Amino acid sequence: MAATSLDVRSIDALVEPGRVHRRVYSDPAIFELEMERIFGRAWLFVGHTSQVPNPGDFVTMDLGREPVIFTRHRDGSLKVLQNRCAHRGPKVLNERCGRRNHFTCLYHGWTYDTDGSLVHVPVPEGCSTAFDKRRFGLAQVPRVAEYRGFVFASFATSGPSFDEHIATVRANIDDLVDRAPAGEIAFDAGVHRYVYRGNWKLQVENVLDSYHVPFSHASTVNRKGEQFARREGDATGAKVVEGNKTSGDWTRRKSYTVGRGHGWTSNTALDDGKRASAVFSEYKQVLAERVGAERAEQILTPRLHNTLVYPNASIMGLNIHVRVIKPLAVDLTEVNIYPVRLVGAPDEMNFRNIRLLNVTHAAASFVQSDDLESFTRAQAGLSSLMNDWVDISRGLGVEEPDEACGGMRALATHEMAVRAQYAAWRGYMCEASV
(Lines give C-alpha, C1' and ligand atoms only; values in the text may rest on other atoms or scores of the structure.)
Protein backbone atom coordinates (compact mmCIF):
# COMPACT_ATOMS: atom_id res chain seq x y z
CA MET A 1 0.00 0.00 0.00
CA ALA A 2 1.75 3.15 -1.20
CA ALA A 3 2.27 5.91 1.36
CA THR A 4 0.61 8.43 -0.95
CA SER A 5 -2.46 6.30 -1.70
CA LEU A 6 -5.25 7.94 0.28
CA ASP A 7 -8.39 7.51 -1.76
CA VAL A 8 -11.59 6.10 -0.26
CA ARG A 9 -10.70 2.51 -1.02
CA SER A 10 -7.23 2.66 0.51
CA ILE A 11 -8.48 4.43 3.66
CA ASP A 12 -11.28 1.90 4.08
CA ALA A 13 -8.77 -0.93 3.74
CA LEU A 14 -6.84 0.28 6.79
CA VAL A 15 -9.57 -0.99 9.13
CA GLU A 16 -10.61 -4.63 9.06
CA PRO A 17 -12.70 -6.70 11.50
CA GLY A 18 -10.44 -7.19 14.50
CA ARG A 19 -7.41 -5.30 13.25
CA VAL A 20 -6.13 -1.95 11.99
CA HIS A 21 -3.14 -1.12 9.83
CA ARG A 22 -0.15 0.40 11.59
CA ARG A 23 -0.28 3.34 9.14
CA VAL A 24 -3.21 4.82 11.08
CA TYR A 25 -0.69 5.59 13.83
CA SER A 26 2.47 6.30 11.85
CA ASP A 27 1.69 7.82 8.43
CA PRO A 28 2.00 11.65 8.40
CA ALA A 29 -0.31 11.86 5.37
CA ILE A 30 -3.07 10.09 7.28
CA PHE A 31 -2.54 12.43 10.22
CA GLU A 32 -3.01 15.41 7.90
CA LEU A 33 -6.28 13.95 6.67
CA GLU A 34 -7.43 13.38 10.25
CA MET A 35 -6.92 17.08 10.95
CA GLU A 36 -9.14 17.88 7.96
CA ARG A 37 -11.75 15.14 8.11
CA ILE A 38 -12.12 14.45 11.84
CA PHE A 39 -10.92 17.53 13.69
CA GLY A 40 -12.16 19.74 10.86
CA ARG A 41 -15.69 18.28 10.95
CA ALA A 42 -16.53 16.60 14.27
CA TRP A 43 -18.00 18.26 17.35
CA LEU A 44 -14.90 18.90 19.48
CA PHE A 45 -14.85 19.57 23.21
CA VAL A 46 -13.63 23.15 23.69
CA GLY A 47 -13.86 23.82 27.41
CA HIS A 48 -16.16 24.58 30.28
CA THR A 49 -18.21 27.72 30.91
CA SER A 50 -16.55 28.12 34.32
CA GLN A 51 -13.28 28.92 32.51
CA VAL A 52 -14.84 32.11 31.12
CA PRO A 53 -17.27 33.26 33.83
CA ASN A 54 -17.07 36.99 33.06
CA PRO A 55 -17.17 39.09 29.87
CA GLY A 56 -13.69 39.35 28.41
CA ASP A 57 -12.43 36.16 30.04
CA PHE A 58 -10.66 33.95 27.50
CA VAL A 59 -8.84 30.68 27.05
CA THR A 60 -6.70 29.96 23.99
CA MET A 61 -6.14 26.53 22.49
CA ASP A 62 -5.81 24.62 19.25
CA LEU A 63 -8.71 22.57 17.93
CA GLY A 64 -6.85 20.28 15.59
CA ARG A 65 -4.70 22.69 13.62
CA GLU A 66 -6.87 25.74 14.25
CA PRO A 67 -5.77 28.21 16.96
CA VAL A 68 -8.91 29.55 18.65
CA ILE A 69 -10.04 31.88 21.42
CA PHE A 70 -12.78 30.63 23.72
CA THR A 71 -14.32 33.70 25.33
CA ARG A 72 -17.43 35.30 26.75
CA HIS A 73 -18.80 38.43 25.08
CA ARG A 74 -20.24 41.36 27.04
CA ASP A 75 -23.79 40.14 26.38
CA GLY A 76 -22.92 36.86 28.13
CA SER A 77 -22.78 34.78 24.95
CA LEU A 78 -19.99 32.26 24.40
CA LYS A 79 -17.73 32.71 21.38
CA VAL A 80 -15.12 30.49 19.76
CA LEU A 81 -13.04 32.75 17.50
CA GLN A 82 -10.16 32.14 15.15
CA ASN A 83 -6.97 33.28 16.91
CA ARG A 84 -5.53 34.90 13.79
CA CYS A 85 -5.41 38.58 12.93
CA ALA A 86 -7.39 39.33 9.79
CA HIS A 87 -4.65 41.74 8.65
CA ARG A 88 -1.32 39.93 8.42
CA GLY A 89 -2.07 36.71 10.28
CA PRO A 90 -0.35 36.66 13.72
CA LYS A 91 -2.07 35.05 16.67
CA VAL A 92 -3.91 37.86 18.40
CA LEU A 93 -3.66 36.32 21.88
CA ASN A 94 -0.59 34.41 22.99
CA GLU A 95 -1.48 33.84 26.66
CA ARG A 96 -3.21 30.59 27.59
CA CYS A 97 -5.89 32.47 29.55
CA GLY A 98 -6.72 35.89 30.88
CA ARG A 99 -9.19 38.77 30.63
CA ARG A 100 -9.32 41.62 28.12
CA ASN A 101 -11.89 44.25 27.22
CA HIS A 102 -10.57 44.04 23.67
CA PHE A 103 -8.13 41.77 21.81
CA THR A 104 -5.24 43.65 20.18
CA CYS A 105 -2.72 42.21 17.73
CA LEU A 106 0.86 43.04 18.73
CA TYR A 107 2.02 43.45 15.11
CA HIS A 108 0.08 46.44 13.79
CA GLY A 109 -2.36 47.12 16.62
CA TRP A 110 -5.57 45.95 14.99
CA THR A 111 -8.10 45.65 17.81
CA TYR A 112 -11.11 43.36 18.05
CA ASP A 113 -14.14 43.24 20.31
CA THR A 114 -14.83 40.09 22.32
CA ASP A 115 -17.31 38.94 19.67
CA GLY A 116 -14.52 39.09 17.06
CA SER A 117 -15.63 42.28 15.31
CA LEU A 118 -12.86 44.68 14.24
CA VAL A 119 -13.22 47.93 16.21
CA HIS A 120 -9.96 49.84 15.61
CA VAL A 121 -7.33 50.12 12.88
CA PRO A 122 -4.39 52.44 13.68
CA VAL A 123 -3.34 55.00 11.05
CA PRO A 124 -6.61 54.62 9.13
CA GLU A 125 -5.54 57.01 6.38
CA GLY A 126 -3.50 54.15 4.94
CA CYS A 127 -6.66 52.18 4.18
CA SER A 128 -8.48 52.47 0.90
CA THR A 129 -11.71 54.41 0.70
CA ALA A 130 -13.54 51.10 0.17
CA PHE A 131 -12.12 49.58 3.38
CA ASP A 132 -14.92 48.10 5.51
CA LYS A 133 -14.08 47.00 9.04
CA ARG A 134 -17.09 44.68 9.04
CA ARG A 135 -15.27 42.43 6.55
CA PHE A 136 -12.17 42.01 8.72
CA GLY A 137 -13.32 40.53 12.01
CA LEU A 138 -11.94 37.40 13.64
CA ALA A 139 -13.63 34.42 12.02
CA GLN A 140 -16.11 32.62 14.26
CA VAL A 141 -16.23 28.83 14.40
CA PRO A 142 -19.49 28.09 12.55
CA ARG A 143 -21.20 25.99 15.21
CA VAL A 144 -20.89 26.27 18.99
CA ALA A 145 -23.11 24.52 21.54
CA GLU A 146 -23.20 23.87 25.28
CA TYR A 147 -24.64 21.26 27.62
CA ARG A 148 -24.47 21.72 31.40
CA GLY A 149 -21.38 23.87 31.06
CA PHE A 150 -19.57 21.59 28.58
CA VAL A 151 -18.87 23.59 25.40
CA PHE A 152 -18.34 21.99 21.99
CA ALA A 153 -17.66 23.43 18.54
CA SER A 154 -17.57 22.21 14.96
CA PHE A 155 -15.82 23.78 11.98
CA ALA A 156 -18.33 22.15 9.65
CA THR A 157 -21.23 24.36 8.60
CA SER A 158 -23.44 21.29 8.16
CA GLY A 159 -23.57 17.69 9.32
CA PRO A 160 -24.92 15.99 12.43
CA SER A 161 -26.34 18.47 14.92
CA PHE A 162 -24.91 18.87 18.40
CA ASP A 163 -27.96 17.15 19.85
CA GLU A 164 -27.39 14.17 17.57
CA HIS A 165 -23.73 14.03 18.52
CA ILE A 166 -24.16 14.30 22.29
CA ALA A 167 -27.50 12.55 22.86
CA THR A 168 -26.12 9.16 23.84
CA VAL A 169 -23.67 10.53 26.43
CA ARG A 170 -25.78 13.29 28.02
CA ALA A 171 -26.51 11.02 30.98
CA ASN A 172 -22.77 10.50 31.47
CA ILE A 173 -22.25 14.25 31.75
CA ASP A 174 -25.22 14.39 34.12
CA ASP A 175 -23.61 11.66 36.23
CA LEU A 176 -20.66 13.96 36.91
CA VAL A 177 -22.46 17.29 37.26
CA ASP A 178 -25.18 15.90 39.53
CA ARG A 179 -22.54 15.08 42.15
CA ALA A 180 -22.20 18.78 42.86
CA PRO A 181 -24.68 19.95 45.52
CA ALA A 182 -25.18 23.18 43.55
CA GLY A 183 -25.79 21.24 40.34
CA GLU A 184 -22.76 22.64 38.57
CA ILE A 185 -19.04 22.00 38.36
CA ALA A 186 -16.03 24.23 37.78
CA PHE A 187 -12.68 23.94 36.01
CA ASP A 188 -10.93 26.45 38.25
CA ALA A 189 -8.35 24.29 40.00
CA GLY A 190 -5.57 24.41 37.40
CA VAL A 191 -4.59 21.84 34.82
CA HIS A 192 -2.11 19.00 34.37
CA ARG A 193 -0.52 19.33 30.93
CA TYR A 194 1.92 16.90 29.35
CA VAL A 195 3.15 15.75 25.95
CA TYR A 196 4.05 12.22 24.89
CA ARG A 197 5.82 10.82 21.85
CA GLY A 198 2.96 8.88 20.33
CA ASN A 199 -0.17 9.08 18.20
CA TRP A 200 -3.30 10.70 19.65
CA LYS A 201 -5.41 7.58 19.14
CA LEU A 202 -3.24 5.64 21.61
CA GLN A 203 -4.61 7.82 24.41
CA VAL A 204 -8.16 7.66 23.03
CA GLU A 205 -8.04 3.85 22.96
CA ASN A 206 -6.55 3.67 26.44
CA VAL A 207 -9.42 5.60 28.01
CA LEU A 208 -11.76 2.60 27.60
CA ASP A 209 -9.16 -0.18 27.85
CA SER A 210 -9.58 -2.15 31.08
CA TYR A 211 -7.42 -5.02 29.83
CA HIS A 212 -4.14 -3.20 30.56
CA VAL A 213 -4.78 -2.22 34.17
CA PRO A 214 -3.52 -5.31 36.08
CA PHE A 215 -0.33 -5.30 34.00
CA SER A 216 0.55 -1.70 33.13
CA HIS A 217 -0.42 -0.52 36.62
CA ALA A 218 0.89 -3.49 38.58
CA SER A 219 2.90 -1.15 40.81
CA THR A 220 -0.35 0.40 42.10
CA VAL A 221 -1.66 -2.93 43.42
CA ASN A 222 -0.85 -4.17 46.93
CA ARG A 223 -0.22 -7.76 48.04
CA LYS A 224 -3.95 -8.30 48.50
CA GLY A 225 -4.49 -7.48 44.83
CA GLU A 226 -6.20 -4.15 45.61
CA GLN A 227 -5.40 -0.87 43.99
CA PHE A 228 -4.94 2.11 46.28
CA ALA A 229 -8.11 4.01 47.21
CA ARG A 230 -9.05 6.59 44.59
CA ARG A 231 -12.12 8.21 46.21
CA GLU A 232 -12.52 10.19 49.38
CA GLY A 233 -13.85 7.90 52.12
CA ASP A 234 -12.72 4.59 50.59
CA ALA A 235 -10.53 2.43 52.79
CA THR A 236 -9.30 0.36 49.82
CA GLY A 237 -9.48 0.51 46.07
CA ALA A 238 -10.74 -1.90 43.45
CA LYS A 239 -9.81 -5.57 43.56
CA VAL A 240 -7.62 -6.04 40.47
CA VAL A 241 -5.68 -9.25 41.13
CA GLU A 242 -6.56 -12.48 42.95
CA GLY A 243 -3.63 -14.75 43.58
CA ASN A 244 -1.73 -15.03 40.32
CA LYS A 245 -4.58 -14.04 38.02
CA THR A 246 -6.78 -11.07 37.25
CA SER A 247 -9.60 -10.64 39.76
CA GLY A 248 -13.00 -11.97 38.78
CA ASP A 249 -14.56 -8.70 39.89
CA TRP A 250 -12.30 -6.86 37.46
CA THR A 251 -12.89 -9.16 34.51
CA ARG A 252 -16.67 -8.84 34.93
CA ARG A 253 -16.61 -5.08 34.34
CA LYS A 254 -18.56 -3.99 31.28
CA SER A 255 -17.97 -1.58 28.42
CA TYR A 256 -20.63 0.12 26.31
CA THR A 257 -20.60 1.72 22.87
CA VAL A 258 -23.31 4.00 21.51
CA GLY A 259 -22.14 5.10 18.06
CA ARG A 260 -20.05 8.03 16.79
CA GLY A 261 -17.05 6.58 18.66
CA HIS A 262 -18.55 7.34 22.10
CA GLY A 263 -18.50 4.78 24.89
CA TRP A 264 -17.84 4.11 28.53
CA THR A 265 -16.79 1.49 31.03
CA SER A 266 -18.75 0.56 34.12
CA ASN A 267 -17.23 1.07 37.52
CA THR A 268 -15.82 -1.75 39.57
CA ALA A 269 -18.09 -2.88 42.40
CA LEU A 270 -16.89 -0.87 45.39
CA ASP A 271 -17.94 -1.33 48.97
CA ASP A 272 -19.99 1.82 49.30
CA GLY A 273 -21.47 0.71 52.60
CA LYS A 274 -18.06 1.19 54.18
CA ARG A 275 -17.24 4.45 52.42
CA ALA A 276 -16.80 6.93 55.24
CA SER A 277 -14.73 9.82 56.47
CA ALA A 278 -15.59 13.03 58.25
CA VAL A 279 -15.20 14.99 55.00
CA PHE A 280 -17.22 12.53 52.91
CA SER A 281 -20.00 12.45 55.51
CA GLU A 282 -20.21 16.24 55.45
CA TYR A 283 -20.38 16.22 51.65
CA LYS A 284 -23.03 13.50 51.64
CA GLN A 285 -25.14 15.50 54.10
CA VAL A 286 -24.86 18.68 52.01
CA LEU A 287 -25.83 16.77 48.86
CA ALA A 288 -28.79 15.08 50.58
CA GLU A 289 -30.04 18.42 51.89
CA ARG A 290 -30.06 19.69 48.33
CA VAL A 291 -31.52 16.71 46.41
CA GLY A 292 -32.96 14.40 49.09
CA ALA A 293 -31.46 11.34 50.75
CA GLU A 294 -32.74 8.84 48.18
CA ARG A 295 -31.48 10.82 45.21
CA ALA A 296 -28.14 11.41 46.94
CA GLU A 297 -27.68 7.65 47.33
CA GLN A 298 -28.39 7.20 43.61
CA ILE A 299 -25.91 9.89 42.66
CA LEU A 300 -23.18 8.45 44.87
CA THR A 301 -23.58 4.86 43.68
CA PRO A 302 -20.66 4.29 41.29
CA ARG A 303 -21.76 3.40 37.75
CA LEU A 304 -19.26 4.95 35.35
CA HIS A 305 -15.51 4.63 35.35
CA ASN A 306 -14.44 6.35 32.13
CA THR A 307 -16.54 7.96 29.40
CA LEU A 308 -15.12 8.83 25.98
CA VAL A 309 -16.75 11.66 24.04
CA TYR A 310 -15.15 11.01 20.67
CA PRO A 311 -12.81 12.26 19.37
CA ASN A 312 -11.06 14.42 21.96
CA ALA A 313 -12.44 14.26 25.51
CA SER A 314 -13.01 11.85 28.36
CA ILE A 315 -14.72 12.08 31.73
CA MET A 316 -13.30 10.10 34.63
CA GLY A 317 -15.98 9.14 37.11
CA LEU A 318 -13.79 7.61 39.82
CA ASN A 319 -11.22 10.26 40.76
CA ILE A 320 -13.07 12.94 38.89
CA HIS A 321 -11.52 14.92 36.05
CA VAL A 322 -11.96 15.76 32.37
CA ARG A 323 -9.19 14.88 29.93
CA VAL A 324 -8.73 16.70 26.61
CA ILE A 325 -6.61 15.10 23.89
CA LYS A 326 -4.82 17.37 21.42
CA PRO A 327 -2.98 15.94 18.40
CA LEU A 328 0.24 17.81 17.56
CA ALA A 329 1.83 15.51 14.97
CA VAL A 330 1.49 11.92 13.89
CA ASP A 331 3.80 10.90 16.73
CA LEU A 332 3.25 13.74 19.22
CA THR A 333 0.22 14.39 21.46
CA GLU A 334 -0.64 16.88 24.18
CA VAL A 335 -3.03 15.94 26.98
CA ASN A 336 -4.72 18.41 29.34
CA ILE A 337 -6.31 17.08 32.52
CA TYR A 338 -8.72 19.37 34.36
CA PRO A 339 -9.56 18.68 38.00
CA VAL A 340 -13.27 19.08 38.66
CA ARG A 341 -14.54 21.18 41.56
CA LEU A 342 -18.00 20.20 42.77
CA VAL A 343 -19.68 23.54 43.39
CA GLY A 344 -21.42 23.55 46.75
CA ALA A 345 -19.35 20.68 48.17
CA PRO A 346 -17.24 21.30 51.28
CA ASP A 347 -13.92 22.95 50.44
CA GLU A 348 -12.00 20.12 52.07
CA MET A 349 -13.79 17.56 49.88
CA ASN A 350 -12.79 19.42 46.74
CA PHE A 351 -9.25 19.90 48.01
CA ARG A 352 -8.82 16.19 48.65
CA ASN A 353 -10.28 15.23 45.26
CA ILE A 354 -7.82 17.54 43.54
CA ARG A 355 -4.88 16.35 45.63
CA LEU A 356 -5.73 12.73 44.79
CA LEU A 357 -5.66 13.61 41.10
CA ASN A 358 -2.05 14.72 41.56
CA VAL A 359 -1.31 11.17 42.67
CA THR A 360 -3.15 9.43 39.83
CA HIS A 361 -3.09 11.58 36.68
CA ALA A 362 -0.27 14.09 36.78
CA ALA A 363 2.49 13.33 34.26
CA ALA A 364 4.70 11.81 36.97
CA SER A 365 1.91 10.17 38.96
CA PHE A 366 1.45 6.52 39.88
CA VAL A 367 -1.04 5.80 37.09
CA GLN A 368 -0.51 8.20 34.21
CA SER A 369 3.25 7.66 33.96
CA ASP A 370 2.61 3.96 33.25
CA ASP A 371 0.30 4.82 30.35
CA LEU A 372 2.70 7.35 28.86
CA GLU A 373 5.45 4.74 28.84
CA SER A 374 3.12 2.33 27.04
CA PHE A 375 2.21 4.95 24.42
CA THR A 376 5.86 5.78 23.77
CA ARG A 377 6.81 2.12 23.40
CA ALA A 378 3.81 1.47 21.16
CA GLN A 379 4.77 4.29 18.79
CA ALA A 380 8.32 2.98 18.60
CA GLY A 381 7.10 -0.54 17.89
CA LEU A 382 4.70 0.66 15.20
CA SER A 383 7.63 1.93 13.14
CA SER A 384 8.59 -1.70 12.46
CA LEU A 385 8.02 -2.88 8.89
CA MET A 386 7.86 -6.59 9.71
CA ASN A 387 4.19 -6.63 10.77
CA ASP A 388 1.66 -4.25 9.26
CA TRP A 389 -1.32 -5.01 11.50
CA VAL A 390 -2.42 -4.16 15.05
CA ASP A 391 -4.76 -6.69 16.66
CA ILE A 392 -7.97 -5.40 18.32
CA SER A 393 -9.96 -8.63 18.13
CA ARG A 394 -10.59 -9.47 21.78
CA GLY A 395 -14.29 -10.29 22.18
CA LEU A 396 -15.04 -9.95 18.47
CA GLY A 397 -18.41 -11.53 17.73
CA VAL A 398 -19.65 -11.82 21.32
CA GLU A 399 -20.86 -8.23 21.74
CA GLU A 400 -24.49 -7.93 22.86
CA PRO A 401 -27.18 -5.30 22.30
CA ASP A 402 -27.99 -3.20 25.35
CA GLU A 403 -31.49 -1.74 25.32
CA ALA A 404 -30.86 0.58 28.25
CA CYS A 405 -28.10 2.54 26.52
CA GLY A 406 -29.32 1.97 22.98
CA GLY A 407 -25.96 0.52 21.95
CA MET A 408 -23.79 -2.51 22.52
CA ARG A 409 -22.12 -3.98 25.60
CA ALA A 410 -19.22 -6.34 26.20
CA LEU A 411 -16.68 -7.16 28.86
CA ALA A 412 -14.45 -4.16 29.51
CA THR A 413 -11.37 -6.37 29.06
CA HIS A 414 -12.50 -7.00 25.47
CA GLU A 415 -11.75 -4.54 22.67
CA MET A 416 -15.24 -3.69 21.46
CA ALA A 417 -14.77 -0.03 22.40
CA VAL A 418 -11.59 0.26 20.35
CA ARG A 419 -13.30 -1.30 17.33
CA ALA A 420 -16.17 1.17 17.73
CA GLN A 421 -13.69 4.05 17.70
CA TYR A 422 -12.24 2.82 14.43
CA ALA A 423 -15.69 2.45 12.94
CA ALA A 424 -16.21 6.15 13.70
CA TRP A 425 -12.70 6.97 12.43
CA ARG A 426 -13.37 5.24 9.13
CA GLY A 427 -16.73 6.98 8.82
CA TYR A 428 -15.22 10.43 9.20
CA MET A 429 -12.24 9.68 6.99
CA CYS A 430 -14.19 8.12 4.13
CA GLU A 431 -17.32 10.28 4.19
CA ALA A 432 -15.39 13.51 3.75
CA SER A 433 -13.29 12.09 0.93
CA VAL A 434 -16.24 11.25 -1.31
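Taking the C-alpha atoms only, the angle from helix 368-381 to the longest principal axis of the chain is near 80 degrees. Accessible area per residue for the chain, computed on protein heavy atoms with a 1.4 Å probe, is 45 Å². Rolling a 1.4 Å probe over the protein chains gives Leu396 an accessible area of about 90 Å². Compared with the dominant principal axis of the Cα atoms in the chain, helix 278-291 is inclined by about 70°. Summing Lys and Arg as +1 and Asp and Glu as -1 over all other residues whose Cβ lies under 15 Å from the Cβ of Arg197 gives a net charge of -1.
To put it simply, the accessible area of the chain at a 1.4 Å probe is 50 percent carbon and sulfur. For the chain, the longest principal axis of the Cα atoms and the long axis of helix 347-361 meet at an angle of about 90 degrees.
For the chain, a Gaussian network of Cα nodes joined below 10 Å ranks Val213, Val322, Val398 by mean-square fluctuation, and the top entry is Val398. Electrostatic tally near Asn306: other residues with Cβ closer than 10 Å to its Cβ, Lys and Arg +1, Asp and Glu -1, net 0.
So I have [x] 25.0; [y] 19.5; [z] 23.5, and one of them is mean projected area of the Cα convex hull in nm² calculated from this model. Which one is it? So the calculated entry is the one marked [z]. In this view, the solvent-accessible surface of Thr129, computed with a 1.4 Å probe and all protein chains in place, comes to about 150 Å².
A 1.4 Å probe, protein heavy atoms only, puts the accessible area of Lys201 near 10 Å². Here is the short version for the chain: Cys97, Cys127, Cys405, Cys430 have no other Cys C-beta closer than 4.7 Å.
The values are calculated or read from the model by the stated rules, or taken from the named source; none is laboratory data. Every value quoted in this text rests on a predicted model; they were computed, and no experiment measured them. Every residue, glycine among them, receives a Cβ derived from its backbone with ideal geometry; neighbour counts consider all protein chains shown. Ligands, DNA and RNA are excluded from the accessible area calculation, which covers all protein heavy atoms including side chains. Shrake-Rupley method; radii C 1.70, N 1.55, O 1.52, S 1.80 Å.
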